[in-house]
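First up is the structure itself, then whatever we jot down about it.
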Amino acid sequence: MKCLVTGISGFVGGYLTEFLIKKGYEVYGIDQSGNLVKGAEVLQADILDKEKVFKIIKDVRPNQIIHLAAQSSVRRSWDNPELTQKVNVDGTRFLLDAVREAEINSRILIVTSAEIYGVPNGILITENHSLKPVNPYGESRLKQEKLIEEYKEEYNMDIVISRSFPHMGPKQLNKFVCSSFAYQIAMIESGKQEPVLKVGNLEAVRDFTDVRDIVKAYYLLINSDSNGVYNICSGNGISISEVLKALLCFSNRKINVKQDPNKMRPSDIPVMVGNNSKFVNLTDWIPIIPIEETLKNLLDYWRKKAF
């Protein structure tokens with residue numbers, strides 16, 4: 001079984017590749033950086049390079065495609081909404097056009113985001129929730145999903161969508177909140193940063209899942225028979241302040257916490273917690289790694305980098 005992973009050199013791509021190889025897959029990757037990923041054949045290409053993407057699809061002829069390549073930062077989407085839309089919408093269009101023009105019937109999983117929902121009108125967000133994104137990143141994901149539905153209807157393409165809620169784990173970039181906290185603690189412990197940890201909004205509540213549980217979910221979803229839309233999430237909410245408290249408990253250093261206006265989002269959703277019952281009913285998937293273990297693993301990763 002050949003699987004092509006776009007954005008393979010990113011945070012999720014490495015974990016996904018490792019998981020797929022253990023399942024006996026032949027893994028290929030598209031990535032702008034061209035960085036090596038153990039066990040995979042990585043082909044350097046920008047997802048916006050339509051001709052290069054088509055050539056890769058035509059040459060590899062994958063049975064399955066998992067589309068991770070994206071501009072995935074909410075903060076960056078405010079700084080550059082045009083690029084966010086271009087990567088997330090046009091990049092998806094070029095990929096789907098390449099599959100169609102290469103005349104192959106690949107099974108495709110496209111990963112979008114819970115940011116598509118906007119401010120929730122209930123406690124747990126289901127897939128039937130209204131789609132009213134409140135930031136350029138979420139808007140790009142909504143346009144992406146509309147494009148996908150058009151291609152499914154017009155060309156009968158075999159596509160399933162994951163609306164992924166936040167995930168974390170070792171190797172995550174420190175521009176994301178949990179990794180930022182862990183990185184700063186590690187730098188403070190190593191003496192490379194003053195004992196002041198800068199934070200943004202600590203009141204927000206989010207639904208976090210370990211990346212190692214996430215990649216198992218993606219494997220189960222692409223190997224299902226469904227062409228639907230599924231929330232991939234833990235179904236449990238935790239405030240950012242609780243995340244910070246848990247990480248600080250792993251350190252013996254006295255650390256002061258200071259709010260940094262630069263880390264505040266122009267528009268932040270107070271609570272975002274998903275309902276995963278539709279996906280669980282489809283696959284029997286259950287996230288098994290406790291958040292405390294994930295946070296400890298994340299902090300230990302940055303400690304190794306810092307010392």
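Residues in region 98-120 that are closer than 17 Å to GLY228 by Cα and assigned to a strand (DSSP E or B): ARG107, ILE108, LEU109, ILE110, VAL111, THR112, SER113. Exactly one residue among LEU16, LEU4 is touching a helix residue (DSSP H, G or I) at 6+ places or on another chain (Cβ under 9 Å), in a strand (DSSP E or B), surrounded by 16 or more Cβ atoms within 10 Å (Cβ to Cβ) and touching a residue at least 60 places away in the same chain (Cβ under 8 Å), and that residue is LEU4.
I need the full set of residues from region 42-94 which are within 19 Å of LYS152 (Cα to Cα) and in contact with a strand residue (DSSP E or B) (Cβ under 6 Å, 6 or more places away or on another chain), in order please. Once the filter is applied, which keeps residues that are within 19 Å of LYS152 (Cα to Cα) and in contact with a strand residue (DSSP E or B) (Cβ under 6 Å, 6 or more places away or on another chain), region 42-94 yields PRO62, ASN63, GLN64, ILE65, ILE66, HIS67, LEU68. Given the structure, is LYS278 outside any helix (DSSP H, G or I) and of a type in the set (Lys, Arg)? In short, no. For the residues ILE148, ILE185, the requirement of being in contact (Cβ under 8 Å) with a residue 12 or more places away in the chain and not assigned by TED's automatic domain parsing to the domain that holds PRO261 singles out ILE148. Entry remark, region 126-167: residues being hydrophobic (A, V, I, L, M, F, W, C), crowded, with 19+ Cβ neighbours inside 10 Å and touching a Leu at 6+ places or on another chain (Cβ under 6 Å) number 2 in total. The numbered conditions (1) farther than 20 Å from PHE208 by Cβ; (2) loosely packed, with under 12 Cβ neighbours inside 10 Å; (3) of a type outside the set (Asp, Glu) are all true for CYS249 except (1). The listed residues are SER251, SER241, and the only one of them that is assigned to a loop (DSSP other than H, G, I, E, B) and among the polar types (S, T, N, Q) turns out to be SER251.
Here's the yes/no breakdown for (1) of a type in the set (S, T, N, Q); (2) buried (at least 20 other Cβ atoms within 10 Å of the Cβ):
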| site | (1), (2) |
| --- | --- |
| ILE65 | no, yes |
| VAL74 | no, yes |
| LEU83 | no, no |
| ASN88 | yes, yes |
| GLU103 | no, no |
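Which residues, counting only those in region 166-202, are over 24 Å from ASP268 (Cα atoms), charged (D, E, K, R) and part of a loop (DSSP other than H, G, I, E, B)? If the condition is that a residue be over 24 Å from ASP268 (Cα atoms), charged (D, E, K, R) and part of a loop (DSSP other than H, G, I, E, B), then LYS171, LYS192, GLU194 are the ones that fit.
For every residue, the table says whether it meets (1) surrounded by fewer than 19 Cβ atoms within 10 Å (Cβ to Cβ); (2) closer than 20 Å to LYS263 by Cα; (3) of a type in the set (A, V, I, L, M, F, W, C).
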{"residue": "VAL205", "(1), (2), (3)": "yes, yes, yes"}
{"residue": "ASP210", "(1), (2), (3)": "no, no, no"}
{"residue": "TYR219", "(1), (2), (3)": "no, no, no"}
{"residue": "SER224", "(1), (2), (3)": "yes, no, no"}
{"residue": "TYR230", "(1), (2), (3)": "no, no, no"}
{"residue": "CYS233", "(1), (2), (3)": "no, no, yes"}
{"residue": "GLY237", "(1), (2), (3)": "no, no, no"}
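Can you confirm whether region 258-269 contains a residue that is closer than 21 Å to GLY13 by Cα and buried (at least 18 other Cβ atoms within 10 Å of the Cβ)? No; the residues of region 258-269 include none that is closer than 21 Å to GLY13 by Cα and buried (at least 18 other Cβ atoms within 10 Å of the Cβ). Among the numbered criteria (1) over 19 Å from MET272 (Cβ atoms); (2) modelled with pLDDT of 95 or more; (3) of a type in the set (S, T, N, Q), which one does SER33 miss? If we test SER33 against (1) over 19 Å from MET272 (Cβ atoms); (2) modelled with pLDDT of 95 or more; (3) of a type in the set (S, T, N, Q), just (2) comes out false.
Filter region 53-97 down to the residues that are over 26 Å from GLY138 (Cβ atoms), in a loop (DSSP other than H, G, I, E, B) and not polar (S, T, N, Q), then identify the one that is nearest to the chain's Cα centre (by Cα). So, considering only residues that are over 26 Å from GLY138 (Cβ atoms), in a loop (DSSP other than H, G, I, E, B) and not polar (S, T, N, Q), the one nearest to the chain's Cα centre (by Cα) is PRO62.
The values are calculated or read from the model by the stated rules, or taken from the named source; none is laboratory data. Every value quoted in this text rests on a predicted model; they were computed, and no experiment measured them. No Cβ is skipped: glycine too gets one built from the backbone with ideal geometry, and neighbour counts run over all protein chains shown.
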